[in-house]
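One structure below.
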Amino acid sequence: MNLRPLVDFHCHLDLYPDHAAAVNECERLGVFTLAVTTTPRAWPRNHQLASATRHVRAALGLHPQLVQERAQEFSIWDEYLPRARYIGEVGLDASPRFYSSLDTQKLAFERILRACARAGGKILTIHSVRSVAMVLNMLEAHLPASRGKAVLHWFTGTKAEARRALDLGCYFSINSRMLENDRHRATIVSLPNECLLTETDGPFVQFEGRPVRPPDVEATVMALARLRSAEPAFISATIGRNLKSLLSD
Ligand code: MN
């Protein structure tokens, strides 16, 4: 298969051994890739490398798992915001390891959402581990759909939560690991075509015994096609169209 377009809307390109080579691979193979960052300090280099390409863009992030120790970097995040169209990785993580920082995470995420709403036109890739309802409450309260667009990355909520996210105008970026879980598969089947995107979350996910890379997202398109009883070419065309509509206006 040589499906195009391919879209990896959430990948940590700067966490591969050779960042520049990872960017170049996306460009050479024509994989539209959103390079997310975990700290705002990483954004300038990501933005610089991405700006020289047609297929890669960089997102300004402050990862919920790092918010506690990186709170002082908020001023840097604010400083770069006017130049960043893409925001992430941001969100909440209420898993046991990070539960103690949840209050700080919420303050940070609210600040991020309000700043994005004020600025307008931002596209966010959002982490919501064990916190989907909270994330949706905060999106609803602080980022009206007219002021920014939200993509839920590695969504693990219920079908009812997915419907609520759809009502708020969210997109969903689907990765290979989500498709291995029966409950998540059932949720993904229930999603309309118009909200679907794909991602790898590389290098944190393994593929064929090594860290996943953006071109591997083709396997996720194939798996999505099987799950939704559609042709792979239809799924990739749908995702390409969704990316376009996400980026329009
Ligand atoms: Mn990630």
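The values are calculated or read from the model by the stated rules, or taken from the named source; none is laboratory data. From a predicted model like this one, the values you see are computed outputs, not experimental measurements. Neighbour counts are summed over all protein chains in view; Cβ atoms, including those assigned to glycine, are modelled from backbone coordinates with ideal geometry. Surface accessibility is based on the protein's heavy atoms, side chains included, excluding ligands, DNA and RNA. Shrake-Rupley method; radii C 1.70, N 1.55, O 1.52, S 1.80 Å.
Of note:
- For residue 87, the residues 5 or more places off, or on other chains, whose built amide H falls under 5 Å of its own are 60, 123, 124, 125.
- The chain: DSSP helices with Cα axial extent of at least 20 Å and average Kyte-Doolittle hydropathy no lower than 0.5: 232-247
- A simple spin-label model places pseudo-atoms 7 Å from Cα toward Cβ; at residue 181 and residue 85 they are separated by 3.2 nm.
- Looking at the chain, the accessible area is 44 square angstrom per residue; that uses a 1.4 Å probe and ignores ligands, DNA and RNA.
- Peptide packing: for 128-136, 35-43, 181-189, the average count of neighbouring Cβ atoms within 10 Å per residue gives the ranking 35-43, 128-136, 181-189, highest mean first.
- In this structure the amide hydrogen of residue 56, modeled in the peptide plane, comes within under 5 Å of the amide hydrogens of 33, none closer than 5 places in sequence on its chain.
- In terms of packing, defined here as the mean over residues of other Cβ atoms within 10 angstrom, the peptides 173-180, 100-107 line up highest first as 173-180, 100-107.
- Protein accessible area in the chain, 1.4 Å probe - carbon and sulfur %: 51
- Comparing mean-square fluctuations of 13, 152, 66 from a GNM of the chain with C-alpha springs under 10 Å, the top value falls on 66.
- Its Cα gyration tensor gives the chain an equivalent ellipsoid, and the semi-axes of that ellipsoid, as √(5λ) in whole Å with the largest first, are 25, 21, 17.
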